[in-house]
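First comes the structure, then the notes that go with it.
The values are calculated or read from the model by the stated rules, or taken from the named source; none is laboratory data. Just so it is clear, the structure is predicted and the values come from calculations on it, not from any experiment. Using ideal geometry, Cβ is built from the backbone for each residue, glycine included, and neighbour counts are taken over all protein chains shown. Just the protein is used for accessible areas: all its heavy atoms, side chains included, with ligands, DNA and RNA removed. Shrake-Rupley method; radii C 1.70, N 1.55, O 1.52, S 1.80 Å.
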Amino acid sequence: MSTYDELIERAASEILNSKNTVALTGAGISVESGIATFRGAGGLWEKYDPEEYAHIAKLRSNPERAWILFKEMIETIRKGEPNPAHVALAKLEDMGLLSVIITQNVDNLHQDAGSKHVIEFHGNTLNLSCMECGKKYLASEISLDEIPPLCACNGVLRPDAVLFGEAIPFDELVESRKAAETCDLMLVIGTTALVQPAASMPLIAAENGAKIIEINPEESALTYIADIFIKGRSARVLSDILRKVEEKVG
Ligand code: APR
């Protein structure tokens, strides 16, 4: 059984030996930024049934209720700052050791941490769009005192996040599949890996010969394919991996 330090050492070596490393991140990477996960203790889906609050059909039929969830998510995200896990991934990208992040998160924290190549697999909550005329607004410019917020045309606004019952944006899906097919290492960080098609990306990577390193305090639906599973919170684990990489690079 490898010790924690041995796992950090191995992960750092794999990252340095890899010619094309990709990361897949989930809500767990933002926990230490104060943003709740969806599943597990204290998760959003314990409080709000996603089929009732986060499904496109329900947004259309009952926007007042959907916006109770959206308002809570947007206000929590507004207070969130990148944590050391986001910063470590941005630094690995700067060092030329991380090609792209495929994120399931809609909190923009990878970009806020300085990551330049981020694929927003589930869209984002930074922008709102009118469901009638399509006009776009920055969420930060829209008051959420009255929900649902309305467009100048009086149409209901919605976050640009992908809701249940909606397809993944085509470009993001194609780019993510290509990244998964061509990488030789994928870091899978903070995801239960229960939601498709995001959860297929590590499987595609593994099928194409990539190694999988998973970072999570709990096992996930993908742990069985991980070459290295580091049990821990991503802020500490990714900071330790970055430090080891920097040590080796000298
Ligand atoms: N560091 C790393 N991982 C953590 C931490 C932490 N500090 N704390 C919790 N986790 C892990 C949990 O163990 C769990 O595996 O984060 C994961 C959170 O899982 P989910 O809440 O299911 O989030 P995610 O996998 O991103 O969900 C995928 O489901 O509801 C949809 O669209 C939503 O993008 C979301 C998708």
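Tabulated data
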| read-out | value |
| --- | --- |
| Failed condition for residue 225, given (1) without any contact (Cβ under 8 Å) to a residue 24 or more places away in the chain; (2) of a type outside the set (Phe, Trp, Tyr); (3) surrounded by 19 or more Cβ atoms within 10 Å (Cβ to Cβ) | (3) |
| Test set (1) assigned to a strand (DSSP E or B); (2) in the same structural domain as residue 22 (by TED's automatic domain parsing); (3) under 19 Å from residue 73 (Cβ atoms) - residue 157 fails condition number | (2) |
| One residue from 176, 239 being outside any loop (DSSP other than H, G, I, E, B), open to solvent by 10 Å² or more (accessible area, probe 1.4 Å), small (Gly, Ala, Ser) and touching a residue at least 40 places away in the same chain (Cβ under 8 Å) | 239 |
| Every residue from the range 118-151 that is within 14 Å of the chain's Cα centre (by Cα) and of a type in the set (Val, Ile, Thr) | 118, 119, 125 |
| Complete set of residues in the range 57-114 that are open to solvent by less than 10 Å² (accessible area, probe 1.4 Å) and without any contact (Cβ under 8 Å) to a residue 40 or more places away in the chain | 69, 90 |
| Residues (in contact with a Phe, Trp or Tyr (Cβ under 7 Å, 6 or more places away or on another chain) and within 7 Å of the ligand (Cβ to nearest atom)) located in the range 26-53 | 27, 38, 39, 45, 50 |
| Odd one out for residue 41, checked against (1) open to solvent by 50 Å² or more (accessible area, probe 1.4 Å); (2) at pLDDT below 95; (3) under 18 Å from the mean Cα position of the chain (by Cα); (4) not polar (S, T, N, Q) | (3) |
| Matching residues, the range 181-211, being buried (at least 23 other Cβ atoms within 10 Å of the Cβ) and away from the ligand (no atom under 13 Å from the Cβ) | 183, 185, 186, 205 |
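Yes/no matrix, rows are residues, columns are (1) touching a strand residue (DSSP E or B) at 6+ places or on another chain (Cβ under 7 Å); (2) part of a loop (DSSP other than H, G, I, E, B); (3) polar (S, T, N, Q):
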residue	(1), (2), (3)
15	yes, no, no
28	yes, no, no
32	no, no, no
51	yes, no, no
64	no, no, no
69	no, no, no
76	no, no, yes
90	no, no, no
98	yes, yes, no
